[in-house]
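The values are calculated or read from the model by the stated rules, or taken from the named source; none is laboratory data. A quick note: this is a predicted structure, and the numbers were derived from the prediction, not measured. Because the Cβ atoms are built from the backbone with ideal geometry, glycine has one as well, and the counts that use them run over all protein chains shown. Just so you know, the surface numbers come from the protein's heavy atoms only, side chains and all, with ligands and any DNA or RNA stripped out. Shrake-Rupley method; radii C 1.70, N 1.55, O 1.52, S 1.80 Å.
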Amino acid sequence: MKCFKKFISSLLSIALIGMSLNQANAAIVTNAEVIDHAQADYARSSVLQSIQRADVKAQLLAMGVNPADIESRVNMMTAEEIEMLNRHMDELPVGGDVLGVILIVFIVFVITDVIGATDIFTFIKPVN
């Protein structure tokens, strides 16, 4: 019995030491940070909904963009890039210029390829 207690106490000591090595860090999250994060998520979902439309997918396919890569590329975009894309999409006429939206998306993809964040177009070499 004494040997068993010694084994359990040693095991618990090792577990406590192991838990203390993985310390969690807590920080205060401001309201502005929460709002910014929510707005970024909303903007990203708005772009994803736009590219899910059949006419936009058809145009992207015509331009040689793989539909399977589009969602992952949008998810890799920064909040600023998403905001710029949404701003340009909001400026377009309602129900109108789908080609303009596709052109904006294409330009953003080219920019992300040039900076090396993505690798969708083989004719673009990233800047090192």
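Observations on the model:
- Net charge in the neighbourhood of residue 120 (other residues with Cβ under 15 Å of its Cβ; Lys, Arg +1, Asp, Glu -1) is -3.
- When the Cα atoms of the chain are aligned to their principal axes, the ranges along those axes come out at 81, 38, 31 Å in descending order.
- Accessible area (Å², 1.4 Å probe, nearest 10) - residue 51: 10
- Taking the helices alone, the chain has a mean residue ellipticity at 222 nm of -23000 deg cm²/dmol, built from -39,500 (n - 2.57) per DSSP H run of at least 4 residues and averaged over all its residues.
- Ordered by 1.4 Å accessible area with all protein chains kept, 41, 119, 69 run largest first as 119, 41, 69.
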